[in-house]
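Below: one structure, written as structure tokens.
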Amino acid sequence: MRLPRAYREGGLLTWHHLLTLVWLNLIWLVLAWTVVLAGPATLAVYALIATTMRQDRDPDLRRFLPLLRQNVVPGVLWLLTTALVAFVLYSNVVYWQRVLGPFGKTVLTLVAAYLAWLYVALQPYLLEALSVERLPYLRAWRAALLNLGRHPVSAHLYVLVPVVLVLLSLLTRTFVMIVLVSVALTFAAVQVRPFEPLPEPLDDPADPAAPA
């Protein structure tokens, strides 16, 4: 049984560009310490990966700063939305667990877990719409929801990638410092659109070194 396409291609890109992903993750960590720049940095890393690695090209880290500037506003909005979703889910779980009985608590926990899973499944399409397609924020959400509806199974399977990465980071402690975010965004990029390897150059018949 073959792994889903996004898993195969994400693993291939991670292997081929591991050193670059380490640098991108370290840059993201430095900017994320400011909190405010965590969102713009996430969009900038995703845009750099999606517009280079996905087209079988090596990322140019010199493009990161311009991408960061381009994504300040959508990145901050994305970060605020993520924080709001997390707060609403957490506060509702805490409140209703005090009110509901054992069965209600179980149902509530399952519903909250699925809504969180659904939000993460939406992220590849939302990041693509915001940082690559450069859509206005509300239009980006609409495009992301439509794409999630078109690819519900693969989108839900993508969530296993960040889940596994988080578990590995908890076990190793240093994993999150090295590649957690950049690798998750690499898999997100190929979840949205497939990897496009460059065609191999054709042999020149006039080249004496070309095989007969």
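Here Arg134 meets each of (1) in a helix (DSSP H, G or I); (2) within 22 Å of Thr52 (Cα to Cα) with one exception, condition (1).
Of all the criteria given as (1) under 24 Å from Trp15 (Cβ atoms); (2) open to solvent by 30 Å² or more (accessible area, probe 1.4 Å); (3) among the aromatic types (Phe, Trp, Tyr), the one not satisfied by Tyr137 is (1). Take the conditions (1) modelled with pLDDT of 95 or more; (2) open to solvent by 50 Å² or more (accessible area, probe 1.4 Å); (3) in contact with a helix residue (DSSP H, G or I) (Cβ under 8 Å, 6 or more places away or on another chain); Leu43 misses just one of them, which is (2).
Whether any residue in the range 54-62 is surrounded by 15 or more Cβ atoms within 10 Å (Cβ to Cβ), assigned to a helix (DSSP H, G or I) and on the phi < 0 side of the Ramachandran plot is what I want to check. Spell out how you get there, then give the answer.
First, the residues of the range 54-62 that are surrounded by 15 or more Cβ atoms within 10 Å (Cβ to Cβ): 54, 59.
When the remaining residues are screened for being assigned to a helix (DSSP H, G or I), the result is 54.
After this cut, where a residue has to be on the phi < 0 side of the Ramachandran plot as well, the list is 54.
Looking through the range 54-62, at least one residue is surrounded by 15 or more Cβ atoms within 10 Å (Cβ to Cβ), assigned to a helix (DSSP H, G or I) and on the phi < 0 side of the Ramachandran plot.
For the range 140-162, filtering for residues that are without any contact (Cβ under 8 Å) to a residue 60 or more places away in the chain and either over 19 Å from Ala86 (Cα atoms) or open to solvent by less than 60 Å² (accessible area, probe 1.4 Å) (or both) leaves 16. As for the range 46-54, it holds at least one residue that is in contact (Cβ under 8 Å) with a residue 24 or more places away in the chain and of a type in the set (Lys, Arg). Looking across the range 71-95, the residues that are surrounded by 13 or more Cβ atoms within 10 Å (Cβ to Cβ), of a type outside the set (Val, Ile, Thr), in a helix (DSSP H, G or I) and modelled with pLDDT of 95 or more come down to Pro74, Gly75, Leu77, Trp78, Leu79, Ala83. Applying a threshold of 9 Å to beta carbon distances and a minimum spacing of six or more residues, or different chains, the list of pairs starting in the range 191-202 at a residue that is over 25 Å from Ala144 (Cα atoms) and ending at one that is among the β-branched types (Val, Ile, Thr) and modelled with pLDDT of 90 or more is empty. With the structure loaded, tell me whether Pro136 is over 18 Å from the mean Cα position of the chain (by Cα) and modelled with pLDDT under 95 or whether it fails that test. So Pro136 fails the test.
Scanning the range 20-65 for residues that are of a type in the set (Lys, Arg) and either within 18 Å of Leu79 (Cβ to Cβ) or under 16 Å from the mean Cα position of the chain (by Cα) (or both) yields a count of 1.
The values are calculated or read from the model by the stated rules, or taken from the named source; none is laboratory data. All of these numbers come straight from a predicted model, not from anything done at the bench. Positions of Cβ are generated from backbone atoms using ideal geometry, with glycine treated the same way; all protein chains shown enter the neighbour counts. Ligands, DNA and RNA are excluded from the accessible area calculation, which covers all protein heavy atoms including side chains. Shrake-Rupley method; radii C 1.70, N 1.55, O 1.52, S 1.80 Å.
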